1. How many residues, within region A:107-160, are within 16 Å of ligand 1 (Cβ to nearest atom), of a type in the set (Gly, Ala, Ser) and at the interface with another protein chain (Cβ under 8 Å from one of its Cβ atoms)?
2. Please work out if C:SER260 is open to solvent by 30 Å² or more (accessible area, probe 1.4 Å), within 14 Å of chain A (Cβ to nearest Cβ) and over 21 Å from the mean Cα position of the chain (by Cα).
3. Looking at region A:27-54, which of its residues are more than 10 Å from ligand 1 (Cβ to nearest atom) and open to solvent by less than 20 Å² (accessible area, probe 1.4 Å)?
4. Just one of the numbered conditions (1) open to solvent by less than 20 Å² (accessible area, probe 1.4 Å); (2) part of a strand (DSSP E or B) is not true of C:ARG107; which one?
5. Criterion first (under 18 Å from B:VAL72 (Cβ atoms) and either in a helix (DSSP H, G or I) or in contact with an Asp or Glu (Cβ under 7 Å, 6 or more places away or on another chain) (or both)) does B:GLU12 satisfy it?
6. Evaluate the following for C:LYS176: is it within 14 Å of chain B (Cβ to nearest Cβ), modelled with pLDDT under 95 and surrounded by fewer than 16 Cβ atoms within 10 Å (Cβ to Cβ)?
7. With the requirement that a residue be surrounded by fewer than 18 Cβ atoms within 10 Å (Cβ to Cβ) and among the basic types (Lys, Arg), what does region C:189-223 give you?
8. Scan region A:29-44 residue by residue and report those that are assigned to a loop (DSSP other than H, G, I, E, B) and in contact (Cβ under 8 Å) with a residue 40 or more places away in the chain.
Amino acid sequence: MPRKVQVQTKINGEEVEFLCEPRQSLLEALRDIVGLTGSKEGCNDGNCGACTVLFDGRIVTSCLVLAVEAEGKQITTIEGIAMGNELHPIQQCFLEGAALQCGVCTPGIIVAAKALLDQDSNPSEEKIRLWLANNLCRCTGYDKIVRSVQAAAERMQEAR
Amino acid sequence: MPTVFIPGSMRELSAGQAEIQVQGSTVREIISELDESHPGIKDWLVEDNRLKPNISVAVDGVVSPVGLLQDVEQDSEVHFVAAISGGCLGGMLAAV
Amino acid sequence: MSTQNYEPNMVLSTTEFDVIGTRPVRHDGADKVTGRALYGADIELSGLIHGAILRSPHAHARIKSVDTSEAEAHPAVRAVVTSADLADAGDQMVDLGEGAMPLKFLRGNVLASGKALYRGHAIAAVAATSLHDAQEALKLIKVEYEVLPATLTAPDAMRDGAPILHEDLKTTELGKPTDKVSNVSNHFQHVKGDIEAGFAEADLVIEREFNTATVHQGYIEPHNTTVLWNNDGRVQIWCSSQGSFTIRDTTAAILEMPVSQVKVTPMEIGGGFGGKIPVYLEPVAAVLSKKSGHPVKIVMSRADEFEATGPTPGSRIKVKMGVRNDGKMVAAQAWMAYEAGAYPGAMVVPGSMCVFAAYDIENILIDGFDVVVNKPSTAAYRAPGATNAAFTTETIVDEMAEKLGIDPLELRLKNAATKGTRRADGPKYPRIGCVEVLEAMKNHPHYNAPLEGPNRGRGVAIGFWFNVGLPSSCSMSVNADGTVMLIEGSPDIGGTRTSLAMQAAEVLGIAVGDVRPTVADTDSVGFTAVTGGSRVTFATGIAVIKAARDVRDQMSQRVARIWGVKEEDVEFEKGVFTSNNGTKNSITFKELAKQLSSSGGPIVGRAAINPPGVGGSFSGNIADVEVDPETGKVTILRFTAFQDAGKAVHPSYVEGQMQGGSVQGIGWALNEEYFMNPEGKMMNSSLLDYRMPTSLDLPMIDTVIIEVPNPGHPYGVRGVGEANIIPPPAALANAVYHAVGVRMDRLPMNPVAVMEAIWEKEDVPA
Ligand code: FES
Ligand code: FES
């Protein structure tokens, strides 16, 4: 068995240290070693987006990142989106807008949507659709997801 | 008297008749009655005291969840149709 | 309806309630937007090890030997199983309460014995301390195959001399067993009227042949299971399935143990659409657990999902329809061959019952063929069988309308099935909403909106699905603060906890937030059939209403006792008990709840039902497309979905079903297919190459909910999960025709198919 490697990283703002095999993906490390199962595995080959996390602020599919690459990086997962006990406006708007059915795509989509709204506070429908094109949802047909991201953008602007 | 509609595949048992009027106030009574005049019909439809699993009975257009125990009115239409499942068995269904 | 009051989502309500018809936040919502909800793959148990499955690389092969010795010697491996570990099934039939099937088919699909019948067929399994080690150990298993020729489509498998999958499968011909060994497991007919006379009466007869590809449900969460074979012999299962009781009963049947020895705990489920009903992994993981003494988790890879679970059938369908010049349809004939995959059961029966279901036609003849081929054993997919069927009929009806010079919705209205119309398989329809759906389409601003520009066209189509009833159980207990716990057994795929809690709240006159629904394990709630057939809000809904009424009646008795009045004198409305006997009394549900323990003890309501009165649902689409005549790419410009919900309990989730189903239908129409090489290997078994619609491929999906109440449900619910997937392929095919003048007769209508059709029309060699 390959020797395990020690990785020091920051996940959702907290220092985390873990041991992993060099062949393990970041998704595996998050779910099986760190115990953050909010990021989901839908394909394990970068094509569904269910495992989307922020990696130094950039969107990545964590199944395509090696766990050892997390060394010294800042990772944000779905578990880090809510603000303490309060839901993030995107989360709140997803609930009010019925933007989830089975909910398995939801963590990845919320993480991706947050990255979008962090860099563009008023994206067009077109831009939202483009931004979320790597996040497959088989249940909703995307309509309510797109509308909920729009609603969240509005709500965040009002709060500003 | 209730009218029983005989599916195409069963008509050799009914001497080609597509509709037969039979006495009976439940599906079970109707099948027994039919089997008197047209032997073989009961074996075709019933197994272990209930409708075969791939067969449902519709009385007046409503598929009955209680099969043989279903009550039948004097002017009812009784049809034997393929059972539509929730999908549990794939489509392992046969039409009557 | 004018364009002024156009809204993207409309509800054409006919009835009003207090809770039903509102849009509360779902009970499991916070867990699902924070990543806290636990899906099947998220479970962790002490001592957990990981399983992996070795799958056949051949579509059809005799398994000559399986040598697992090297895998067993791998240091991380704790157990290995093959079909030899499952007892021989003989000729036993298993009855899972929804129809019987041969145990050997169920078991053979779980672990192949004798022959591999499709690429991906499970051959052996390994459990090891890590998933990577388990996967490594699979490579150490040596299997000797004798590769056999494969047959991959229904027409090929039906020909004389085709490779035979099951040497003991004999055709059932028009209801009678025969001695003919073939790949056709069943040929059946529906006959109504006199087909010859019907065609003789027709002024216009149109006949076409259609082919549709195998497609997958494409749920995002792969199949998974975690099984512990405990030291007391009890098998505990955690999984995400559409039916906990189906998993329990099937696993018990395959392992030949009493049902009470198996407990299934439903985890959150990441989509199913019919594909998460069959059992694939549980018996294998159970035996691995028994052999190793550890709980075993198995999660399918995406490639396994495509190659080894049940997609929905590809088909060849020939349809011939006759109509008089005045627009009355007088004859309809269909020949339908569906690919069952490796084991019989191709959903051709429901397909045949839906092919002409929307129309009142005097003379009908339908021939259906259930054909086994060397592809994965098919499963249900949202209105199983109906989408293939409606694609054909609805394309021909569009052509009829064009040739007769009648508006396509008018032609449909003229022939629409209504209450009392006799179906092809005999019975008459109860109250249905076909006409109402067509009227709503005709009156919608989309239908009359201008559509300008070259290569653009508008298409319409409708679809029908029966829906199902089936058993459901639940219980309901009242807390001292007046809140209510609801225990039910329907895995919640899309918000049904809330649509059920709403029905309880409606009966009890309390807020929906005061009802806390839980989907219980199989030890803790009575038998409840699968979440499928659009049944949960209808059937489990009726159970919930009944249990709530039970609570209400028991509460009334308490009120009577407390007030010293007769029970009949207590009335209940909107959460308040009153009595006018002598003095005027009144007490709310909440106030009364406080007094339960002092007035006789806790109150629990219950219900266990198998309801009649299922209400079928009609759906319709209006679709605008633009076709690129250079590339064949179809772009959807505007899309409106219509559906008769009976009563929309939670309109947002009804719209969600309509939008999701429409988009699955759009994927089926335009892109999705199992692309097989001649040896039966799927060449696109990843989500990159099996192209499901992304957010970028679509416009908003507008919705119109029509409410034609189902008399079989207290609030009129029909069930909305399925009928919405049916019309999109035909609506888009018709739109493509009106855009570029080619009639599409195959699915998917991908750029290649569209270009070939254009070249054929223009007589350009492809
Ligand atoms: S699991 Fe990472 S993209 Fe699908
Ligand atoms: S809500 Fe199920 S996949 Fe998106």
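The values are calculated or read from the model by the stated rules, or taken from the named source; none is laboratory data. Here the structure is a predicted model, which means the values were calculated and not measured. Cβ: placed from backbone, ideal geometry, glycine included. Neighbour counts: every protein chain shown. For the accessible areas, the whole protein counts, side chains as well, though only heavy atoms, and no ligand, DNA or RNA atoms are used. Shrake-Rupley method; radii C 1.70, N 1.55, O 1.52, S 1.80 Å.
1. Within region A:107-160, residues that are within 16 Å of ligand 1 (Cβ to nearest atom), of a type in the set (Gly, Ala, Ser) and at the interface with another protein chain (Cβ under 8 Å from one of its Cβ atoms) number 1.
2. For C:SER260, the condition - open to solvent by 30 Å² or more (accessible area, probe 1.4 Å), within 14 Å of chain A (Cβ to nearest Cβ) and over 21 Å from the mean Cα position of the chain (by Cα) - is not met.
3. Within region A:27-54, A:ALA29, A:LEU30, A:GLY38, A:LEU54 meet the criteria.
4. All conditions pass for C:ARG107, except number (2).
5. no
6. So C:LYS176 passes the test.
7. C:ARG208
8. Passing the criteria: A:LEU36, A:GLY38, A:SER39, A:LYS40, A:GLY42.
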